[in-house]
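Colleague: Please see the structure below; I have some questions.
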Amino acid sequence: MVTTHYHEPVLLAETLGHLDLQPGSVIIDGTLGGGGHAQAILERTGPNGLLIGLDLDAEAIREAAVRLAEYGERVRLFQSSFRRIDDIAAEIALTPIDGIVFDLGVSSHQLDAPERGFRFGATDGDSAAASETPLDMRMDGTGDRPPASALLATWSAEELEKIFSKYGQLPGSRRLARGIIARREAEPFETASDLVGLIRELGIGRGRRHNPATLVFQALRIAVNDELGALEEGLQAAIRVLRPGGRLAVIAYHSLEDRLVKQTFRAAVKGCTCPPEWPACSCGIKPTLSLLTRRPIGPNEDEIKANPRARSARLRAAIRLEAA
Ligand SMILES: C[S@@+](CC[C@H](N)C(=O)[O-])C[C@H]1O[C@@H](n2cnc3c(N)ncnc32)[C@H](O)[C@@H]1O
C-alpha cells in the first residue's frame, strides 16, 4: 500500500464507520486531497468496490492518482467541484451511490505550498515570517474565479468588512476594510506580506488569542472559493444521488460550515416546509435524510496530539431515506 505525507486523513475510523462500507460499495469522495480517506475506503470495499474521487485541485488529483494506482479500474478521478457531484455520477452512468464523503477545507499540502498563497508565513503563529507569496488562494489554481489579490483590489469596503467579520470573526473588520481601500490605489495588495504589513500597522486584533492574520487569510480563502455556496449546492447534490439507505458523511473545520451541514441535515430530516401553524402539510415535501449523529463527532486527544490540524474537525453523518 502506498502512503504519502500529502495530508493526514482526519477522523478516519469514525468516518469509515458511518459510511457502512461493504465489498462492492460505490463511494464518492468529493474532496479527494491526498487520497487518505479514499485509500482506506478502497481497502474496505474490495475486491470490486468503486471509488469516484473529485477535487478542484489538479495537483491533488495527480498525487492521489499515484497513491491509488494499485487499485486500477476501481478508481475514477475527476478534477471538479463537488457542486457537480450529480452531473458526474450521471455522466458515468453510476447512480445511485452507496456513500459520499466530504472532508472540507484545504489539505496540509495546499497550506504548506507557499506558491498557493493560502497562508502568510512559515507557521500560522509566526506573522513576522510573512512571505512574498502571491495572494492567490484558488483551490483549482487558476479556474474561473478571481484570486484573493483581485478581491482586495476591487471589492467595496462593505463587501470586505462583511467577509472579514462573517468568515473570520475578526475584531476590527471595518478598520481593516477601510485601510485596504485607502492603501490599494497607491500600493496594490499582491503578496502575503503586503496584507500582513497592513494588519500589523493598524494593530488589528492585537493581543487576541487568534492571530488576526490567520483569521483574515481564512476569510479571504472562503470568499475566493465561495466555499459556503459550494457546500450548500454539494450537499443537495449528494442527497439527490444517494440510494435509499446510502450514507453521507461530512467533516467540517469552520463553525459556519458545520452550521450549514447541521441546518441542511435538519431540513432534510424534516421535509415539509409549511409554516408550523398550518393545520396540514400542503407542500408535500417528504423527509430525505435520517441522522446518524445527533451531535457532531470531534477528534480525541490522541488524534489532536498526533495531528494538531484535526483540532477543529466536526463529523456529521446521515442516511438517505426511501424516495417518497
Ligand atoms: C481536507 S482536504 C481532503 C483530504 C483527504 N480527505 C485526504 O484524506 O487526503 C480537502 C480537499 O478538498 C478540496 N476541495 C475543497 N473544496 C472543494 C470543492 N468544492 N470541490 C472539490 N474539492 C474541493 C481541496 O482542494 C482539498 O484537496
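Colleague: Where does each of Lys262, Lys162 land when they are ordered by accessible area, with a 1.4 Å probe and the largest first?
Modeller: Descending accessible area places them as Lys162, Lys262.
Colleague: For region 181-187, what does the Karplus curve 6.51 cos²θ - 1.76 cosθ + 1.60, with θ = phi - 60°, yield as ³J(HN,Hα) per residue in whole Hz, taken in order and with x for Gly and Pro?
Modeller: Each residue of region 181-187 in turn: 4, 5, 9, 5, 4, 7, 9 Hz.
Colleague: Ignoring GluC sites (Glu not before Pro) that are buried or in helix or strand per DSSP, and keeping those with at most 10 other beta carbon atoms within 10 Å, what is the longest stretch of the chain between them?
Modeller: The reported range is 1-131.
Colleague: Follow-up. Any idea what the dipole of region 114-224 comes to, in debye rounded to 20, about its Cα centre with Lys/Arg Cβ at +1 and Asp/Glu Cβ at -1?
Modeller: It comes to approximately 560 debye.
Colleague: A further question on this structure: Compute the Kirkwood hydrodynamic radius of the chain, taking the inverse of the mean of 1/r over all pairs of distinct Cα atoms, and give it in Å to one decimal.
Modeller: Final number for the Kirkwood radius of the chain is 20.9 Å.
Colleague: What list of ³J(HN,Hα) values in whole Hz, one per residue of region 262-275 in order, does the Karplus curve 6.51 cos²θ - 1.76 cosθ + 1.60 (θ = phi - 60°) give from phi, with Gly and Pro shown as x?
Modeller: Karplus values, whole Hz, x for Gly and Pro: 4, 5, 5, 4, 4, 5, 6, 6, 7, x, 2, 10, 5, x.
Colleague: Something else now. Highest GNM mean-square fluctuation, the chain, Cα pairs closer than 10 Å: which of Gly245, Gly49, Gly17?
Modeller: Result for the chain, Cα springs under 10 Å: Gly17 fluctuates most.
Colleague: Considering only protein heavy atoms, what per residue accessible area in square angstrom results for the chain with a 1.4 angstrom probe? Could the numbers behind the result be given before it?
Modeller: On the way: 15390 Å² over 324 residues.
The answer is 48 Å² per residue.
Colleague: So how strong a dipole does the chain carry about its Cα centre when Lys and Arg Cβ are +1 and Asp and Glu Cβ are -1, to the nearest 20 debye?
Modeller: Details: 39 positive and 43 negative charges, 246 e Å.
Value, rounded to 20: 1180 debye.
Colleague: In terms of modelled amide H atoms, which long-range or inter-chain residues lie less than 5 Å from the amide H of Ile97?
Modeller: Here the answer is Leu242, Arg243, since their amide H atoms fall under 5 Å of that of Ile97.
Colleague: While we're on this one: Kindly sort Thr273, Thr264, Thr214 by accessible area of their heavy atoms, largest first, with the probe set to 1.4 Å.
Modeller: Solvent-accessible surface, decreasing: Thr273, Thr214, Thr264.
Colleague: Sum up the charges of everything whose Cβ sits under 14 Å from the Cβ of Thr142, counting Lys and Arg as +1 and Asp and Glu as -1, but leave Thr142 out.
Modeller: -3
Colleague: Counting only protein heavy atoms and using a 1.4 Å probe, what share of the accessible area of region 114-224 belongs to carbon plus sulfur, as a whole percent?
Modeller: Values: 2660 of 5500 Å².
So the carbon and sulfur contribution to the accessible surface is 48 percent.
Colleague: Going toward the positive end of the dipole of region 114-224, with +1 on Lys and Arg Cβ and -1 on Asp and Glu Cβ, which of His210, Leu198, Ile163 do you reach last?
Modeller: His210
Colleague: Turning to a different aspect of this structure: Provide the per-residue ³J(HN,Hα) series for region 310-315, in order, calculated from phi with Karplus coefficients 6.51, -1.76, 1.60 and θ = phi - 60°, each as a whole number of Hz, with x at glycine and proline positions.
Modeller: 7, 3, 8, 5, 9, 9
Colleague: Now for a separate question. With the cut-off at 21 Å, report for region 114-224 the share of all Cα pairs above it, as a whole percent.
Modeller: For region 114-224, the share of Cα pairs beyond 21 Å comes to 25 percent.
Colleague: Normalising by the residue count of region 103-239, find the relative contact order in percent from Cα pairs under 8 Å and 6+ residues apart.
Modeller: Relative contact order, region 103-239: 29 percent.
Colleague: Using a 1.4 angstrom probe and counting only protein chains, how large is the accessible area of Trp155 in Å², to 10?
Modeller: About 70 Å², rounded to the nearest 10.
Colleague: What whole number of Å gives the distance from the Cα centroid of region 72-114 to the Cα centroid of region 213-233?
Modeller: 19
Colleague: Okay, moving on. Using modelled amide H (1.01 Å from N, peptide plane; none on Pro or chain starts), what sits under 5 Å from the amide H of Leu77, excluding residues fewer than 5 places away?
Modeller: Hits under the 5 Å cutoff: Gly53.
The values are calculated or read from the model by the stated rules, or taken from the named source; none is laboratory data. None of these values were measured; they are calculated from a predicted model. Using ideal geometry, Cβ is built from the backbone for each residue, glycine included, and neighbour counts are taken over all protein chains shown. These accessible areas exclude ligands, DNA and RNA; they are computed on the full protein's heavy atoms, side chains included. Shrake-Rupley method; radii C 1.70, N 1.55, O 1.52, S 1.80 Å.
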